[in-house]
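Student: Have a look at the structure that comes next, please.
The values are calculated or read from the model by the stated rules, or taken from the named source; none is laboratory data. Values in this document were obtained by computation on a predicted structure and should not be read as measured data. Ideal geometry is used to build each Cβ from the backbone, glycine not excepted, and the neighbour counts take in all protein chains shown.
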Amino acid sequence: MRTVELTKHYGAAIALSGLTMVVPRGEVFGFLGPNGSGKTTAVKLLLGLTRPTGGEAWVLGRRAGDRETRSRVGYLPELFRYQGWLSAREVLALHCKLAGVTRAEWPAQIDDALSTVGLSGHGGAKVETYSKGMQQRLGLGVALLGNPELVVLDEPTSALDPVGRADTRTIIRRLRERGSAVFLNSHLLGEVEQVCDRVAVVSGGRVLATGRLDELLGTGGVRLRLAGIDGVAHSALARRGTVTESDGWVTVAGVPADAIPDLVTELVAGGARVYAVEPMHQTLEERFLALLQGEEARWQR
Amino acid sequence: MAALTIARLTIREAARRRLLLALAILTLIVIGLTAWGFQHLATLTQPDGTPLPSSELRLATSQVLVLVEFMFSGVLALSAVVVASPSISSEVESGVALSMLARPVSRYQVVLGKWLGFTALIVVYVGAATMLELFAVNLTTGYVPPGPVPLALYLMAEGVVVMSLALMLSTRLSGMTAGVIALVLFFLAWIGGVAGAIGQVFGNAAISNAGTVSQLLLPTDGLWRGSVYELEPVLYRDVLGATTDRAGNPFFVQSPPPTAFLVWTVCWVALIVAFAVWSFRRREV
């Protein structure tokens with residue numbers, strides 16, 4: 001998927017402002033952003049459900065919204081609703097038909113989808129009798145029909161309990177193993193952190209940062225409990241990053257994980273007594289908040 | 001192909017939501033009641049106790065039948081509007097349309113599919129209800145209107161016209177708003193037709209032309225008049241129709257709708273469906 005300056009206005013309101021990004025094939029891509037950042041608008045533009053005010057987008061090598069391409073894409077909308085008067089099997093059969101799955105494959109595809117999303121025993125029940133979580137599971141099953149090359153999941157676990165969320169992560173990993181790309185639109189950072197290869201953080205319709213998770217999170221630092229530190233030890237710490245002290249802990253931000261053993265060796269050689277060493281890992285949440293705060297500060301300037 | 005899938009889905013929805021069952025039960029009740037009424041009509045006598053002459057019985061039967069069909073036409077229009085006006089807007093608002101439109105389905109297929117599904121429902125329902133009613137009338141009074149098949153076709157066309165209007169409005173407006181607009185236009189067209197006929201009686205060109213324009217803007221009244229024409233005994237048309245004072249009567253029609261009007265009706269439906277497709281294609285979901 002590729003977008004160039006993709007823009008969407010609803011009257012005077014700007015939903016998406018010049019979104020430029022590239023999503024490689026065969027990866028699980030997390031699209032992160034606060035509420036109202038334009039995530040769902042971006043998804044709708046990529047699927048041709050709305051038309052851009054400006055810019056361009058390509059999906060699986062063709063213009064976004066291309067009819068043929070849509071047969072190779074599965075989609076779970078954020079607002080997931082299916083015909084309540086149909087059974088789950090009938091909803092899946094309808095989507096098999098619309099997706100162009102050959103009729104001979106329907107039973108296997110439907111059984112597989114129901115089993116994958118944990119609804120095997122409920123396929124004959126009317127959708128209107130389903131709980132919200134079951135409807136979201138059904139929506140996920142619908143998105144998996146026809147072995148799509150790209151699966152777009154817009155907040156796929158918003159109605160799911162912890163078990164359902166774990167199941168969804170398993171499904172996403174299986175899709176990756178099968179070679180399908182997954183575009184995961186979410187504001188649940190933990191979820192994204194666990195399954196995504198690459199992420200983009202958006203705010204105000206713009207990409208603030210994008211890249212592999214490990215690149216984006218960078219290096220956290222290290223927390224140490226020390227005694228007997230002198231000027232030499234202090235300078236060894238300061239050389240490696242920003243030093244702060246609090247509650248008996250010395251924190252050095254920006255130390256790469258593989259540099260921590262050398263730092264400890266130097267401290268010990270300098271006469272310091274080392275009681276504890278905790279490598280710090282910057283969470284996605286911290287990085288996400290830092291990016292948003294940076295963006296806010298930029299706007300205030 | 002996708003249009004036929006959507007058409008089948010539309011019919012299935014009507015069946016699953018028990019719309020067809022409700023219509024069938026209500027229609028059978030109404031037909032039963034009217035049959036009972038017609039049976040009593042057939043036993044009416046003159047003041048001297050002798051049975052009504054068959055010509056008068058035919059006339060009375062046809063007039064009551066026109067009133068029954070008038071009610072049926074109103075119920076048909078109302079039902080078509082209630083069913084069609086939320087059909088697209090409610091799916092867009094609820095989110096059902098999102099997952100369907102993300103499939104390789106064109107917007108025109110959705111509109112056309114729904115239109116085909118509703119048209120099939122109207123054709124089957126009107127055909128069955130009209131034939132049952134006429135059968136009941138024939139059984140109780142012996143009266144058969146001169147054109148039962150054209151009568152059913154006019155009523156079907158009336159239903160399709162008003163349904164097409166409601167479906168078109170549904171591509172942009174909420175079900176409630178689209179329904180109200182479609183019904184107001186339907187009744188305005190009827191009033192316009194009556195006013196036009198009165199204008200003709202009094203030789204007022206402006207009112208007469210306004211009536212014609214209203215019939216062209218929404219052809220339901222012209223089609224209703226076609227169905228009335230097919231219900232009247234031939235003798236009644238020929239003898240009483242010669243007096244101009246009946247021209248303003250909405251329950252009497254002297255001549256069938258001209259062919260040009262019927263051609264215009266077909267074009268009107270095609271234009272409305274084309275406009276609905278254009279409108280839905282531009283709709284953000």
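Student: Being in contact (Cβ under 8 Å) with a residue 40 or more places away in the chain and under 30 Å from residue B:37 (Cα atoms): is that true of residue B:132 here?
Tutor: Answer is yes for this residue.
Student: Name the residues in the stretch A:34-58 that are in contact with a strand residue (DSSP E or B) (Cβ under 7 Å, 6 or more places away or on another chain) and at positive phi, would you?
Tutor: Hits for the stretch A:34-58 are A:38, A:55.
Student: Which of the residues belonging to the stretch B:10-22 are at pLDDT 95 or above and touching a helix residue (DSSP H, G or I) at 6+ places or on another chain (Cβ under 7 Å)?
Tutor: If the condition is that a residue be at pLDDT 95 or above and touching a helix residue (DSSP H, G or I) at 6+ places or on another chain (Cβ under 7 Å), then B:10, B:11, B:14 are the ones that fit.
Student: Within the stretch A:110-130, identify whether any single residue is farther than 15 Å from residue A:74 by Cα, of a type in the set (Phe, Trp, Tyr) and touching a Cys at 6+ places or on another chain (Cβ under 8 Å), and answer yes or no.
Tutor: Checking the stretch A:110-130: not a single residue is farther than 15 Å from residue A:74 by Cα, of a type in the set (Phe, Trp, Tyr) and touching a Cys at 6+ places or on another chain (Cβ under 8 Å).
Student: I need the full set of residues from the stretch A:59-72 which are under 16 Å from residue B:100 (Cα atoms) and more than 7 Å from chain B (Cβ to nearest Cβ), in order please.
Tutor: Once the filter is applied, which keeps residues that are under 16 Å from residue B:100 (Cα atoms) and more than 7 Å from chain B (Cβ to nearest Cβ), the stretch A:59-72 yields A:65, A:66, A:69, A:72.
Student: Do we have residue A:32 as more than 10 Å from every other protein chain (Cβ to nearest Cβ) and either polar (S, T, N, Q) or more than 26 Å from residue B:281 (Cβ to Cβ) (or both) here?
Tutor: Against the criterion (more than 10 Å from every other protein chain (Cβ to nearest Cβ) and either polar (S, T, N, Q) or more than 26 Å from residue B:281 (Cβ to Cβ) (or both)), residue A:32 qualifies.
Student: Oh, and also: Which of the numbered conditions does residue A:102 fail, given that it passes all the others? Conditions: (1) under 19 Å from residue A:146 (Cβ atoms); (2) within 9 Å of another protein chain (Cβ to nearest Cβ).
Tutor: Condition not satisfied by residue A:102: (2).
Student: Output the number of residues of the stretch A:170-214 satisfying the condition of being part of a strand (DSSP E or B), free of Cβ contacts under 8 Å to residues at least 40 places away in the same chain and of a type outside the set (Lys, Arg).
Tutor: 1
Student: Could you list, in sequence order, all residues of the stretch A:144-180 that are more than 14 Å from residue A:75 (Cβ to Cβ), more than 14 Å from the chain's Cα centre (by Cα) and of a type in the set (Gly, Ala, Ser)?
Tutor: Within the stretch A:144-180, A:159, A:164, A:166, A:179 qualify.
Student: Something else about it: Out of everything in the stretch B:5-30 that is more than 10 Å from chain A (Cβ to nearest Cβ) and out of contact with any Phe, Trp or Tyr (no Cβ under 9 Å at 6 or more places or on another chain), what residue ends up being farthest from residue B:129 (Cα to Cα)?
Tutor: Within the stretch B:5-30, the match that is farthest from residue B:129 (Cα to Cα) is B:19.
Student: From the list A:160, A:153, A:114, which one is assigned to a loop (DSSP other than H, G, I, E, B) and either away from chain B (no Cβ under 14 Å) or of a type outside the set (S, T, N, Q) (or both)?
Tutor: A:160
Student: Which one is farthest from residue B:81 (Cα to Cα), of the residues in the stretch B:168-191 that are more than 15 Å from the chain's Cα centre (by Cα) and crowded, with 21+ Cβ neighbours inside 10 Å?
Tutor: B:171
Student: Give the number of residues within the stretch A:83-96 that are facing another protein chain (nearest Cβ under 7 Å) and surrounded by fewer than 20 Cβ atoms within 10 Å (Cβ to Cβ).
Tutor: The qualifying residues number 1.
Student: For residue A:80, indicate whether it is more than 14 Å from chain B (Cβ to nearest Cβ), under 28 Å from residue A:198 (Cα atoms), buried (at least 24 other Cβ atoms within 10 Å of the Cβ) and among the hydrophobic types (A, V, I, L, M, F, W, C).
Tutor: So residue A:80 does not fit the description; no.
Student: Check off (1) among the hydrophobic types (A, V, I, L, M, F, W, C); (2) at pLDDT 95 or above; (3) in a loop (DSSP other than H, G, I, E, B) for residue B:242 and give me the number that stays unchecked.
Tutor: (2)
Student: Next up: Mind counting the residues in the stretch A:267-284 that are among the charged types (D, E, K, R) and exposed (fewer than 13 other Cβ atoms within 10 Å of the Cβ)?
Tutor: Count: 1.
Student: Here's a follow-up. Within the stretch A:67-98, can you find the residues that are at pLDDT below 95 and over 24 Å from residue A:186 (Cα atoms)?
Tutor: The answer is A:67, A:68.
Student: Would you point out the residue of the stretch B:59-85, among those that are in contact with an Asp or Glu (Cβ under 9 Å, 6 or more places away or on another chain) and of a type outside the set (A, V, I, L, M), that is nearest to the other protein chains (Cβ to nearest Cβ)?
Tutor: B:72
Student: Follow-up question, since we're still on this one. Looking only at the stretch A:41-77, which residues are part of a helix (DSSP H, G or I) and either in contact with a Gly (Cβ under 6 Å, 6 or more places away or on another chain) or buried (at least 18 other Cβ atoms within 10 Å of the Cβ) (or both)?
Tutor: A:41, A:42, A:43, A:44, A:45, A:46, A:69, A:70
Student: Another question, if that's okay. Tell me, which residue of the stretch B:98-121 that is more than 10 Å from chain A (Cβ to nearest Cβ), in contact (Cβ under 8 Å) with a residue 60 or more places away in the chain and β-branched (Val, Ile, Thr) is farthest from residue A:83 (Cα to Cα)?
Tutor: B:111
Student: Checking residue B:152 against (1) in contact with a Gly (Cβ under 8 Å, 6 or more places away or on another chain); (2) under 22 Å from residue B:12 (Cα atoms); (3) of a type in the set (Gly, Ala, Ser): exactly one of these is not met. Which one?
Tutor: It fails just one condition, (2).
Student: Now for a different question. Out of the residues in the stretch A:37-58 that are charged (D, E, K, R) and more than 11 Å from every other protein chain (Cβ to nearest Cβ), which is nearest to the chain's Cα centre (by Cα)?
Tutor: A:39
Student: Taking the options A:155, A:193, A:105, name whichever one is out of contact with any Cys (no Cβ under 7 Å at 6 or more places or on another chain) and either β-branched (Val, Ile, Thr) or more than 24 Å from residue A:37 (Cα to Cα) (or both).
Tutor: A:105
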